[in-house]
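So the structure is just underneath, and the comments pick up after that.
The values are calculated or read from the model by the stated rules, or taken from the named source; none is laboratory data. Because the structure is predicted, anything quoted here is derived from the model rather than measured. FYI the Cβ positions are ideal-geometry reconstructions off the backbone, even for glycines, and counts take in every protein chain you see. Remember, those area values only see protein heavy atoms, side chains included, never the ligands or the DNA or RNA. Shrake-Rupley method; radii C 1.70, N 1.55, O 1.52, S 1.80 Å.
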Amino acid sequence: MKLLVIACLTLFAGLASAKAAIVENFRLGGWNGSAFTDDQSGRFSTCVASATYKSGITLYVQVDTSYNWAIGFSAPHWNMPVGSDIPLQYRIDRGGWQSGVAKATSKDLARMQMPEGGYIITRFRRGRTLYVYDGAYNYEFRLTGTSRLMARLAKCVEQNTARYGVAPGVANAAPAQGGLGQTAPAQSNNASSTVGDPQLTVEATQALFNLMGNAGISGLQLKPDGQREEDLKGLHAVAANEARTLVAHIFPAGSYTSEEELMSLSVADSQKSCAEGSFSSSTERVNQGGRDLYISHANCEAGDFQLIERVAILKRAAGGIFVYGVADTYVGEGGGAPVSPPELTDATFYSAVAAAAQ
């Protein structure tokens, strides 16, 4: 099986160039990854990782030098016509079904290019299960460790682009700062391209400062992307200390599916990170200071540890939405050194959100 997976990895990577040579191998949890160069030029072309499931099917994730990504599937018992197109339906957790087309690159391996928008990438990173339907059979893939995997693949691309350059015929792009989904071919309606937009970063940072001033929050340090925890990378503005994290992010019009989908993803992510604790959450729409807010409240408790996360979504005057979040961590004496942020009531937070960006 290991030799088969290596062969399929090489074939999968070889789609980016006529020939492929492995220049780096890595392992992350249940994922095995490799970086490939083009044999003819010796320059970097792509990074691919794979995980084999009990069903016997192997799932592949590929990221190229422009941070475009694709997924693939292989199984030794498949016998597909090489070059054929395979219409697929897929979704992640309870998200909406998406349509795609996979191409059979060998009789037992199919590859599907994924959308460039950051929405699907985010769901893939934070989701629990990928569901795929090929018109006859349903397949399920547990997405264990995909958040760290996507960050590792982005690092693989960044490092090997710097080491080997970009193979001829492969579009070059500046390395992403902190993970996949943060740099992609620039398109104004592409969520992933907006992350690196300096104007949006400035606007979100100013809104974050306004929020802190309105709420009387102090003692937080603005965190550059490279100094953040993995699940905060790519957000437009983050300020934090050991007890409290405050974030602000902008989704321009056309860069997200719906407010409901974004909020559902946020709550699901909070629940996923609370696997060993007691979890509760709620969402509602409220009017605060004449502005409509879509808010959520999530609570995770485990022994002497408690994490309270609040999120607020509101319309942006220039189009799209602002998303604000605050995560407060409480640790009692039984959990080590006590941690407790200053009080921040719901009323104060949501009032400050409503006034932060006019």
Discussion item. For the range 199-223, give me each residue that is open to solvent by 60 Å² or more (accessible area, probe 1.4 Å) and either touching a Gly at 6+ places or on another chain (Cβ under 9 Å) or closer than 13 Å to residue 341 by Cβ (or both).
Written reply: 216, 218, 219
Fill in: Residues located in the range 76-111, provided they are more than 20 Å from the chain's Cα centre (by Cα) and of a type in the set (Gly, Ala, Ser)
83, 84, 102, 104, 106, 110
Worksheet item: Given the conditions (1) assigned to a strand (DSSP E or B); (2) over 19 Å from the mean Cα position of the chain (by Cα), which single one is not true for residue 341?
Response: (1)
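Looking at the range 279-291, is at least one residue within 25 Å of residue 128 (Cα to Cα) and modelled with pLDDT under 85? Spell out how you get there, then give the answer.
Let us first name the residues in the range 279-291 that are within 25 Å of residue 128 (Cα to Cα), namely 279-284.
Subsequent filtering for residues that are modelled with pLDDT under 85 retains none.
No, the conditions are met nowhere in the range 279-291.
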Worksheet entry | Count of residues meeting criterion [more than 20 Å from residue 234 (Cα to Cα) and in contact with a helix residue (DSSP H, G or I) (Cβ under 6 Å, 6 or more places away or on another chain)] in the range 299-342 | 2
Worksheet item: How about the range 248-274: which of its residues are part of a loop (DSSP other than H, G, I, E, B) and modelled with pLDDT of 85 or more?
Response: 252, 253, 258
Worksheet item: When residue 345 is evaluated against the numbered criteria (1) open to solvent by 50 Å² or more (accessible area, probe 1.4 Å); (2) touching a helix residue (DSSP H, G or I) at 6+ places or on another chain (Cβ under 7 Å); (3) among the β-branched types (Val, Ile, Thr), which criterion, by number, is the only one it fails?
Response: (2)
Worksheet, complete the sentence: In the range 283-305, anything part of a strand (DSSP E or B), in contact with a Ser or Thr (Cβ under 7 Å, 6 or more places away or on another chain) and open to solvent by 50 Å² or more (accessible area, probe 1.4 Å) is listed as 283, 288, 297, 301
Worksheet item: Is there any pair linking a residue in the range 144-165 that is in contact (Cβ under 8 Å) with a residue 12 or more places away in the chain to one that is open to solvent by 50 Å² or more (accessible area, probe 1.4 Å) and part of a helix (DSSP H, G or I), with Cβ under 9 Å and at least six apart or on different chains, and which?
Response: 146/126; 147/126; 147/230; 147/231; 148/230; 151/230
